[in-house]
1. Length gain on complete extension for the stretch A:HIS285 to A:ARG381, per 0.36 nm per residue less the alpha carbon to alpha carbon distance?
2. Top mean-square fluctuation among B:ASP47, B:ASP86, B:ASP62, Gaussian network model of chain B, C-alpha springs under 10 Å?
3. Quote the FRET efficiency, to the nearest 0.05, computed for A:THR9 versus A:GLU182 with a Förster distance R0 of 41 Å and r equal to the Cβ-Cβ distance.
4. 7 Å from Cα along Cα→Cβ at both A:THR150 and A:ILE174: what's the point-to-point distance in nm?
5. Determine, from the Cβ-Cβ distance of B:ASP116 and B:MET30 and an R0 of 45 Å, the FRET efficiency 1/(1 + (r/R0)^6), rounded to the nearest 0.05.
6. Springs between alpha-carbon pairs under 10 angstrom, Gaussian network model over chain A: which of A:GLN298, A:GLN153, A:GLN266 fluctuates most?
7. Using Cα-only point scatterers and the Debye equation, what is log10 of I(q)/I(0) for chain B at each q in 0.14, 0.16, 0.18 Å⁻¹, rounded to two decimals?
8. Of the candidates A:ALA57, A:ALA306, A:ALA143, which one comes out as most mobile in a Gaussian network treatment of chain A with C-alpha springs shorter than 10 Å?
Amino acid sequence: MNHPDLHTTIEATFQRESRKVIAHLITTYADIELAEDALQDALVEALDHWQRSGIPANTGAWIMTTAKRKVIDRLRRHRALQKRLPMLVDDNDEFHDDEPIDIPDERLRLIFTCCHPALSQEAQVALTLQLLGGISTEAVAKAFLVPLTTMEQRLVRAKRKIRDAGIPYQVPPIKHLPERLETVLAVIYLIFNAGYVSPKGDSLIQTDLCDEAIRLGRVLCDLLKNQPTVGENAESLGLLALMLLHHARRNARTDEAGEIILLEDQNRALWDRQMIDEGIALLDHALGFNQRGIYQIQAAIASLHAQAPSADETDWLQISLLYGSLAHLSPSPIIQLNRAVAIAMAHGANNGLDILEGLANDKTLCNYHLYHATCADLYRRANLPEKAKRAYERAIALCDNDREKSFLTKRLIQLA
Amino acid sequence: MRYMILIYGDPAIYANQTKEEIQAEYAEYMAFGEEARKRGVNTDVGDALQPPTTATTVRVRDGKTLVTDGPYAETKEMLGGYYILDCKDLDQAIELAALIPGAKNGMIEIRPIVTDYSA
């Protein structure tokens, strides 16, 4: 008899419950490939065993015990791995024990390994999604628009580097924690943005990436909180708040045809109030630590938008000041671009254009379609249609996203 | 794990060094060796290298030994010295590499050394 539904349920349960197990296996045996293979073996056994006898009460413990047995099997079968058998001796008693076992949470150690600065950022992102998110290589490849074989190679190379270069599985010592945490936060935010920006990709997968980044952000905040030497961290909370405040607008960002709706034109009734409240509460909590950082400032900007009844009634003055301090902490032409918009809203289009025209020779911005789109919008508001037309044309020429292109074209036509 | 620590630097910096500067840098390297020992890592295997102008590159093609003057790769940065360090893991190797005087004006490459040729 076939149980397609049961099969799917088992797989989903297994994936969910195995996140802690894989972290524990990897950090115990210091071998990612061995841990993954053993977990795969355990899944095969679960599909067989659970279909016959039902899903066990303590699935996590079942998976852990089975996966550990599979590690031993593999080590026995492969002579090259046999010299590692002695380190398993301590675990032997667990195998005859059906008592529920408490799986130690080693995910924090694994996060720092996946996001180790000795790995490329591409590898950090792929490893984090696969080992902490349990996302398949196919899905990761699709989300980052690279061929499956490229992503497979990237992951294999990264796992080998961890093993061969001796990248440790440990929470870094306090003195290195801020810079190491910065890398982890950058990876999570990159995953979120890959979902948020939705570059030509499959929209279903893109939303999943946002959810996954938020889940990772939550896990990170919880793990840090429960780690006695580290404790809660303001920027990690700030990042989680920022992602929630952005994601709260997901249903208002596009119309039925999938066209982008600008913040000022969005139907604010579609914003997820519950998510906004959670984001604001997290931000307030983060600000209480009095450790300023780029994620908290961006979350503060997002929270001002989230609380405003309309674009015109937004506290643009405060937003322009926040962009000022953000530019101070992390100088970037893109932040200057956003600051110019806020200043235009607070003090008039001409004041914003003063800043934008000063950025015209910036190497990053002069080929960035949103720079020209922003100039165009402010020229339009300043009643300079000729300049606006030229800027829209430049923006359209530089834009490689069809939806954004059609939006800009619409604006250009409205100008005439 | 054993790591080969390669110290690269700009030859121009070394070309114009005064005697005092050379002595000061030597003292810094001695201090580094002392600091590494305190952390349980021996720096006995390691030395400065003569400049790339003294390098000779050898290759065998069609059974013939070809010898050329100069280093394998002509780069702006030159390999100026090395250590072989036995460290706990990459994090310790990075931490020590950051203490090497040459890290301040040049850069350090860390290469894990193969230990198991059967794998």
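1. 30.7 nm
2. With Cα springs under 10 Å in chain B, the top fluctuation among B:ASP47, B:ASP86, B:ASP62 is at B:ASP62.
3. After rounding to 0.05, the efficiency reads 0.55.
4. If labels sit at A:THR150 and A:ILE174, their model points lie 4.4 nm apart.
5. The pair B:ASP116/B:MET30 has a calculated efficiency of 0.85.
6. Greatest mean-square fluctuation among the candidates belongs to A:GLN153.
7. Log10 of I(q)/I(0), two decimals: -0.69, -0.85, -1.01.
8. Sorting by GNM fluctuation, first place goes to A:ALA57.
Laboratory data are not the source of any read-out in this text; all were calculated from the coordinates shown. Only a predicted model underlies this, so the values are computations on that prediction, with no experimental measurement involved. In this analysis, Cβ positions are derived from the backbone assuming ideal geometry, glycine residues included, and neighbour counts consider all displayed protein chains.
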